[in-house]
Each structure stands twice: as structure tokens, then as C-alpha cells.
Amino acid sequence: MMTPASAFDAFEAAAREWRHGRTGFDGWDRSVGAARERFARLTGVGPGDVAIGPAVSPFAGLVAGALPAGARVLAVEGDFT
């Protein structure tokens, strides 16, 4: 599958900005906020109910830490290897 040219162009532009130290958090925050809002709209929840993070594992750890002792958890076999 080929990456759409617009997505690749956006990636290259972001990489250039990062490489030359010209990027700041504000632009990333706006794009993450827009993604959060779109996903919330798609799933019928509020943007504040959509978590954004670097990977699933930190969120899985938060959920696991909040479970009471002896709780049973259903997971897909081999999902976290």
C-alpha cells in the first residue's frame, strides 16, 4: 500500500521542522486536539473522554492499577507479548 502523497508531505515537513529545532509543542497540541475531537465525534463521546498517548501499554497499566484485588480481566490471547 502506498502512503498518500499528502500524508508523506506532511510527515516530511514535520521531520524538517523537528530536525532544525523549529518546532514547538503548540502545533502538535492543535493536531492532537483535532484528532481527539474527530475520534470523539466518530464514537459518540466527548473529547474529554478520549485519551491520547504514545502506546497502549501505559493505559493498560493505569487500568490494571485501578482494578480491585482479585478482579478478573478478559483479554485477547497473545495481545500483549
statement: In whole percent, the fraction of accessible protein surface over the chain that belongs to carbon or sulfur atoms, probe radius 1.4 Å, stands at 61
field: Average accessible surface area per residue within the chain, 1.4 Å rolling probe, Å²
entry: 89
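Report the rotationally averaged projected area of the chain based on its alpha-carbon convex hull, in square nanometres. List each step's numbers first, then the result.
Values: hull surface 35.7 nm².
Taking a quarter of the hull surface, the average projection is 8.9 nm².
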message: How charged is the neighbourhood of residue 31? Take every other residue with its Cβ under 14 Å from the Cβ of residue 31, and add Lys/Arg as +1 and Asp/Glu as -1.
response: -1
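The values are calculated or read from the model by the stated rules, or taken from the named source; none is laboratory data. Not measured: the values here are computed from a predicted model. Using ideal geometry, Cβ is built from the backbone for each residue, glycine included, and neighbour counts are taken over all protein chains shown. Just so you know, the surface numbers come from the protein's heavy atoms only, side chains and all, with ligands and any DNA or RNA stripped out. Shrake-Rupley method; radii C 1.70, N 1.55, O 1.52, S 1.80 Å.
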